[in-house]
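Asks: Just dropping this structure here.
The values are calculated or read from the model by the stated rules, or taken from the named source; none is laboratory data. Remember, it's a predicted structure, so these values are computed and weren't measured experimentally. Here the Cβ is made from the backbone with ideal geometry for all residues, glycine too, and neighbour counts use every protein chain on show. Remember, those area values only see protein heavy atoms, side chains included, never the ligands or the DNA or RNA. Shrake-Rupley method; radii C 1.70, N 1.55, O 1.52, S 1.80 Å.
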Amino acid sequence: MNSTDDRVGPPHLGGERETLRAFLDYHRATLAMKCAGLSDDELRQQSMAPSTLSLLGLVRHLAEVERDWFRRVFEDNGAPMLWSPPGEIDFQAAYDASGSSRSEAFTAWEAEVENSRRVERAAQSLDLTGHQPRWGEDVSLRMVMVHVLLEYGRHNGHADLLREGVDGTVGA
């Protein structure tokens, strides 16, 4: 794996918003680092059966997570998901990266991350509320940032194992 770790860690004494933002960006950078230097075929390499999880599937899934929690909650409740069948919300569909490429998955993920950053930075406070259409409830930006941070933390653990399966490295 790429031995260069240029991730910026979160502040040790930052405020709530600064800390949440930094931890989220740190985990986003961790996912990108776990995928660095791999070919499309290596990124599509699946874990041990019966799981079909791959690094590329994780990138696609986290693009959907970013889209669902930032774009759909704060901008457009009816925005379609990226890889779900039309009119459906199926997070599992993103995991099927068999016909995907680094370019396709990372272009979508990076666009959703940039949109999420824009939404967060434009908000007056973490108390901004949006509507989560899947739940039929309003949620705060604070809750969304914590939820998405937890999603990345969980899936970066999977990324460690998947990367080890590709090239035998130990997680960072």
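Asks: Using beta carbons and a limit of 7 Å, which pairs, at least six apart or on different chains, have the first residue in segment 109-135 and more than 18 Å from Thr30 (Cβ to Cβ) and the second one open to solvent by 10 Å² or more (accessible area, probe 1.4 Å) and assigned to a loop (DSSP other than H, G, I, E, B)?
Replies: Val119/Glu75; His131/Asn77; Pro133/Asn77; Arg134/Ile89
Asks: I need the full set of residues from segment 54-85 which are at pLDDT below 90, buried (at least 20 other Cβ atoms within 10 Å of the Cβ) and either outside any helix (DSSP H, G or I) or in contact with a strand residue (DSSP E or B) (Cβ under 9 Å, 6 or more places away or on another chain) (or both), in order please.
Replies: Listed by number, the list holds a single entry, Ser54.
Asks: From the list Leu43, Leu31, which residue is part of a helix (DSSP H, G or I), more than 13 Å from Met145 (Cβ to Cβ), open to solvent by less than 40 Å² (accessible area, probe 1.4 Å) and in contact with a His (Cβ under 9 Å, 6 or more places away or on another chain)?
Replies: On the way: Leu43 fails: in contact with a His (Cβ under 9 Å, 6 or more places away or on another chain).
So the residue among Leu43, Leu31 that is part of a helix (DSSP H, G or I), more than 13 Å from Met145 (Cβ to Cβ), open to solvent by less than 40 Å² (accessible area, probe 1.4 Å) and in contact with a His (Cβ under 9 Å, 6 or more places away or on another chain) is Leu31.
Asks: Also: Quick check on my filter: what residues within segment 86-145 are out of contact with any Asp or Glu (no Cβ under 6 Å at 6 or more places or on another chain), assigned to a helix (DSSP H, G or I), charged (D, E, K, R) and open to solvent by 30 Å² or more (accessible area, probe 1.4 Å)?
Replies: Glu104, Glu110, Glu114, Arg117, Arg118, Arg121, Arg142
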